[in-house]
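Data first, discussion second: the structure below is written as structure tokens.
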Amino acid sequence: MNSVLPFPKELQPKGIRQEIVTPVLEGDDRLWVPIHDNVWFKPLLLNITHGYWTSVLRVRRKGVVSCHRHPATVHGYVLKGSWRYLEHDWTAKEGSYVFEPPGETHTLVSEEEGEMLTWFLVNGALIYVDENGKQTGYTDVFDRVEKCRAHYKSVGLSEDYLESIIR
């Protein structure tokens, strides 16, 4: 029987970046970046090369979070609590996977007291719109990087974590 040894580092592709392994639901609470009152995101990967980000959205209030559309796909997985879109008759509950096709406009609503946590993989951007479909703003991976940079500076965190998750 052959013994199993680690793959030799010198045989890894040149220039490869280190893996990212980070606690998702624990760790320094200052890593949660505020978006709105009682709404935060914790970035896990900010991919400026391919234009996407993955993060956990945390909501601690009832009500509308945002009305938006995406130019590309979004994937989500509910870790805790539940939420829904006003435009649909389903509710995403703990353990639910959500796929969002490009182009659809929807309004995220948190209807429960307590905490909602959902992991999202957002390709492209969130384009915020008003009730008439007019664009009122947007956020993309570059905007997320700058929000993180400003927030981490304001709470006394070094940029080491931020730099470690940018690809």
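The values are calculated or read from the model by the stated rules, or taken from the named source; none is laboratory data. What you see is a predicted model, and the numbers here were worked out from it, not measured in a lab. Note: ideal-geometry Cβ built from the backbone for every residue, glycine included; neighbour counts use all protein chains shown. Ligands, DNA and RNA are stripped out before the accessible areas are found, and what is left, the full protein with its side chains, is counted by its heavy atoms. Shrake-Rupley method; radii C 1.70, N 1.55, O 1.52, S 1.80 Å.
With the structure loaded, tell me whether THR73 is surrounded by fewer than 17 Cβ atoms within 10 Å (Cβ to Cβ), more than 20 Å from LEU46 (Cβ to Cβ), among the polar types (S, T, N, Q) and modelled with pLDDT of 95 or more or whether it fails that test.
Details: surrounded by fewer than 17 Cβ atoms within 10 Å (Cβ to Cβ): yes; more than 20 Å from LEU46 (Cβ to Cβ): no; among the polar types (S, T, N, Q): yes; modelled with pLDDT of 95 or more: yes.
So THR73 does not fit the description; no.
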Residue pairs within 8 Å by beta carbon, gap of at least six or interchain, first lying in the range 6-26 and open to solvent by less than 80 Å² (accessible area, probe 1.4 Å), second of a type in the set (Gly, Ala, Ser), listed first then second, are ILE20/SER164
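Looking at GLY63, GLY51, GLY81, which one is in contact with a Gly (Cβ under 8 Å, 6 or more places away or on another chain) and over 18 Å from LEU121 (Cβ atoms)? Step through it out loud before you land on a result.
Working: GLY63 fails: in contact with a Gly (Cβ under 8 Å, 6 or more places away or on another chain); GLY51 fails: over 18 Å from LEU121 (Cβ atoms).
Answer to the check: GLY81.
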Being over 16 Å from the mean Cα position of the chain (by Cα) and aromatic (Phe, Trp, Tyr) narrows it down to one of TYR152, TYR138, so name that one.
TYR152
Note on the range 76-99: residues of a type outside the set (Ser, Thr, Tyr), assigned to a strand (DSSP E or B) and open to solvent by 20 Å² or more (accessible area, probe 1.4 Å) are LEU79, LYS80, ARG84, LYS93, PHE99
When ILE35 is run through (1) open to solvent by 70 Å² or more (accessible area, probe 1.4 Å); (2) of a type outside the set (Phe, Trp, Tyr); (3) out of contact with any His (no Cβ under 9 Å at 6 or more places or on another chain), the failure sits at (1)
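Given the residues TRP53, TRP119, TRP83, TRP32, which is the only one that is in contact (Cβ under 8 Å) with a residue 12 or more places away in the chain and in contact with a Pro (Cβ under 7 Å, 6 or more places away or on another chain)? Steps first, please.
Details: TRP119 fails: in contact with a Pro (Cβ under 7 Å, 6 or more places away or on another chain); TRP83 fails: in contact with a Pro (Cβ under 7 Å, 6 or more places away or on another chain); TRP32 fails: in contact with a Pro (Cβ under 7 Å, 6 or more places away or on another chain).
Just a single option satisfies the conditions, and that option is TRP53.
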Failed item in (1) out of contact with any Asp or Glu (no Cβ under 6 Å at 6 or more places or on another chain); (2) in a strand (DSSP E or B); (3) not hydrophobic (A, V, I, L, M, F, W, C), with THR136 passing the rest:
(1)
Scan the range 100-127 for residues that are assigned to a strand (DSSP E or B), open to solvent by 30 Å² or more (accessible area, probe 1.4 Å) and under 21 Å from ASN47 (Cα atoms) and report the count.
4
Can you name the residue in the range 43-70 that is assigned to a strand (DSSP E or B) and of a type in the set (Ser, Thr, Tyr) and is also modelled with the lowest pLDDT among such residues?
SER66
